[in-house]
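Worksheet: the structure to be examined is printed underneath.
The values are calculated or read from the model by the stated rules, or taken from the named source; none is laboratory data. Note that the structure is predicted; figures quoted are calculated from it, not measured. Heads up, the Cβs are rebuilt from the backbone with ideal geometry, glycines too, and the neighbour counts pull from every protein chain shown.
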Amino acid sequence: DTGVSQNPRHKITKRGQNVTFRCDPISEHNRLYWYRQTLGQGPEFLTYFQNEAQLEKSRLLSDRFSAERPKGSFSTLEIQRTEQGDSAMYLCASSLTLPTGAGNTIYFGEGSWLTVV
Amino acid sequence: AQTVTQSQPEMSVQEAETVTLSCTYDTSESDYYLFWYKQPPSRQMILVIRQEAYKQQNATENRFSVNFQKAAKSFSLKISDSQLGDAAMYFCAYRSFMNYGGSQGNLIFGKGTKLSVKP
């Protein structure tokens with residue numbers, strides 16, 4: 001399977017605990033994105049990487065959120081001290097984008113559902 | 001900042017018939033991409049069709065086609081010969097073509113249209 005892979009698919013955690021999600025992009029893709037989606041809404045951009053560099057962070061990404069992409073391959077998204085408002089689907093996506101920014105289609109993974117109780 | 005608006009929260013179509021989903025967007029950029037994504041109940045977002053703004057010809061993918069009106073900033077999706085498997089949330093999305101300040105090429109989504117297909 002050469003698609004975007006995410007795990008775990010579902011995570012239930014108690015408020016205040018830390019959680020980490022992993023994303024493996026399509027192998028030749030240089031850009032990796034994280035989005036958040038709540039019920040009844042479209043996905044909202046959180047952050048993205050160009051290879052190993054984190055180039056943009058949304059205002060939605062509070063200081064409790066941290067993302068990494070060591071070696072420009074897989075990425076992790078960690079949420080510290082989770083709150084009930086963090087309950088959402090966290091979507092990872094990847095694309096092959098030229099240095100000018102002109103790019104190809106963004107492909108999505110199946111998402112990781114987070115429920116904070 | 002760019003925005004994407006989908007004014008139809010829900011739509012319904014009879015199997016084998018045609019349905020059109022609406023999308024409008026706002027941007028000051030001249031070059032960009034527009035997409036329609038489908039999200040079935042399994043939740044994986046799947047690309048349906050893509051349009052480059054510099055292309056005048058409307059994109060077509062089998063039963064799916066778009067009506068791209070650049071001046072009106074409108075990008076509707078037409079699904080012909082609707083099938084039960086077309087039932088899903090459909091999202092319209094915008095992406096800048098170049099590294100314009102602030103955007104950096106990530107997708108901006110509308111709120112989606114839930115499409116039901118009646119047998």
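Looking at A:THR13, A:THR38, which one is in contact (Cβ under 8 Å) with a residue 40 or more places away in the chain and within 23 Å of B:MET89 (Cα to Cα)?
Details: A:THR13 fails: within 23 Å of B:MET89 (Cα to Cα).
Checking each option against the conditions leaves just A:THR38.
Residues in the stretch B:12-22 that are surrounded by fewer than 17 Cβ atoms within 10 Å (Cβ to Cβ) and either in a strand (DSSP E or B) or within 9 Å of the chain's Cα centre (by Cα) (or both): how many? Working first, answer last.
To start, the set of residues in the stretch B:12-22 that are surrounded by fewer than 17 Cβ atoms within 10 Å (Cβ to Cβ) comprises B:12, B:14-18, B:20.
Retained after the next criterion (residues that are either in a strand (DSSP E or B) or within 9 Å of the chain's Cα centre (by Cα) (or both)): B:12, B:14, B:20.
Number of matching residues: 3.
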Qualifying residue in the stretch B:97-109 (condition: in a loop (DSSP other than H, G, I, E, B), in contact (Cβ under 8 Å) with a residue 60 or more places away in the chain, within 8 Å of chain A (Cβ to nearest Cβ) and within 14 Å of the chain's Cα centre (by Cα)) | yes
Restricting attention to the stretch B:36-64, the residues that are among the small types (Gly, Ala, Ser) and either crowded, with 17+ Cβ neighbours inside 10 Å or touching a Phe, Trp or Tyr at 6+ places or on another chain (Cβ under 6 Å) (or both) number exactly 2
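Can you tell me which of A:THR97, A:THR38 is within 13 Å of B:ASN106 (Cβ to Cβ) and at pLDDT below 95?
Values: A:THR38 fails: within 13 Å of B:ASN106 (Cβ to Cβ).
Going through A:THR97, A:THR38 in turn, the sole match is A:THR97.
Restricting attention to the stretch B:53-85, report how many residues are closer than 14 Å to B:TYR25 by Cα and either charged (D, E, K, R) or more than 14 Å from every other protein chain (Cβ to nearest Cβ) (or both).
Applying the first criterion (closer than 14 Å to B:TYR25 by Cα) to the stretch B:53-85 yields B:53, B:67-77.
Cutting the leftovers down to either charged (D, E, K, R) or more than 14 Å from every other protein chain (Cβ to nearest Cβ) (or both) gives us B:67-77.
Residues that pass the stated criteria total 11.
Scan A:ARG59, A:ARG64, A:ARG69 and give me the residue that is within 24 Å of B:ALA1 (Cα to Cα) and of a type outside the set (S, T, N, Q).
Working: A:ARG64 fails: within 24 Å of B:ALA1 (Cα to Cα); A:ARG69 fails: within 24 Å of B:ALA1 (Cα to Cα).
The match here is A:ARG59.
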Just need a number here: residues in the stretch A:55-101 that are under 28 Å from A:ILE12 (Cβ atoms), of a type outside the set (D, E, K, R) and not in a loop (DSSP other than H, G, I, E, B).
-> 17
Could you run through the stretch A:21-40 and say how many residues are under 23 Å from A:GLU83 (Cβ atoms), among the polar types (S, T, N, Q) and surrounded by 14 or more Cβ atoms within 10 Å (Cβ to Cβ)?
-> 1
Test each condition in (1) touching a Ser or Thr at 6+ places or on another chain (Cβ under 7 Å); (2) part of a loop (DSSP other than H, G, I, E, B); (3) within 28 Å of B:LEU115 (Cα to Cα) for A:ARG15 and report the one that comes out false.
-> (3)
Heads up, the strands (runs of 3 or more DSSP E) in the stretch B:23-63 (entirely inside) with at least 1 residues that are at pLDDT below 95 and closer than 25 Å to A:TYR90 by Cα are B:32-39, B:46-52
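Sort out which residues of the stretch A:55-64 are touching a residue at least 12 places away in the same chain (Cβ under 8 Å) and within 11 Å of chain B (Cβ to nearest Cβ), and write them in order of number.
Step one: filter the stretch A:55-64 for residues touching a residue at least 12 places away in the same chain (Cβ under 8 Å), giving A:58, A:60-61, A:64.
Residue satisfying the conditions is A:SER58 alone.
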